[in-house]
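Just so it is clear, none of the values below were taken in a lab; they were calculated from the coordinates. Everything quoted here is computed from the prediction, not taken from an experiment. Cβ sites come from the backbone with ideal geometry, for glycine too, and all protein chains shown count toward neighbours.
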Amino acid sequence: IPKEPFVWDKIEQFLNLLPDPFSSEEKQARFTNSFGSITKLRIEYERLKTLLSKTESPIVFAHNDLLLGNVIYNKDEGTISFIDYEYAAYCYQAFDIANHFNEFVGLSIDDIDYDRYPCEEFQFDWIKVYLAMYLDIDHPTEPQIRKVYKEVQQMSLLSHFLWGIWSLVQYEHSDIDFDFVRYAEIRLNRYYELRDKIFKQLS
């Protein structure tokens, strides 16, 4: 299996599945009002790829969808296991961590709250434990932890963009009773809120 980050091909796949136009005037109008055009999203994707492809985050085999519902904690046995490996593939280490942190805020439209996004102290502690296991060392250094923390903040953009585009595909094709376009708005609005600050760091 090629050790290439799956996420770029996956976003391109989702972009190619977006209809132009959408199947109803109502859907098309809502898409246009919220997102402009598919061309605008493609331009944003290319810019994001150009900047984030420079990352030094290692490519690892990752789950890529670690929302809290996919993490199973067995209190009696003191074990943690994961479920739902649909998106498991090679990807940037920092993407998998960033995506996990992004999912702390909730999934239900009425329940999403970015005040739940883990603070810097929590992320540092989490990354410290992760690196101790990943590198098989007792005490990761602060520069090691800070490097991963910075990469995670950058990859949070990629997580928001991926699931925003995914949700637009579902908006057109899914029969599930869920407000996919509203979820896309939430994820892509968050992307745009964070984008300029992070792009400035990367440029």
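So, by mean Cβ neighbours within 10 angstrom, what's the order for 60-67, 169-176 with the highest one leading? Walk me through the intermediate numbers first.
Working: 60-67: 18.6, 169-176: 13.9.
Listed from highest to lowest mean packing, they are 60-67, 169-176.
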Practice problem: Per DSSP H run of at least 4 residues, take -39500 (n - 2.57); add these up for the chain, divide by its residues and hand me the 222 nm value, nearest 500 deg cm²/dmol. | Solution: -19500 deg cm²/dmol
Quiz item: So which of LYS128/LYS200; LYS40/LYS197; LYS49/LYS75 end up more than 31 Å apart by C-alpha?
Solution: LYS49/LYS75
Exercise. Residues in region 125-157, backbone N under 20 Å from the label point at PHE199 (7 Å along the Cα-to-beta-carbon vector): list them, ranges by number please.
Key: 151-157
Quiz item: Which net charge results when you count Lys and Arg as +1 and Asp and Glu as -1 among the other residues whose beta-carbon is under 14 Å from that of PHE6?
Solution: -3
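How high is the FRET efficiency from LYS27 to TYR192, r the C-beta distance, R0 25 Å, rounded to 0.05? Can you show the working numbers first?
Values: r = 21 Å, r/R0 = 0.86.
Efficiency at R0 = 25 Å is approximately 0.70.
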Practice problem: Calculate how steeply helix 142-173 sits against the longest principal axis of the alpha-carbon atoms of the chain, using the helix alpha-carbon long axis, and give the answer as 0 to 90 degrees to the nearest 10. | Solution: 30 degrees
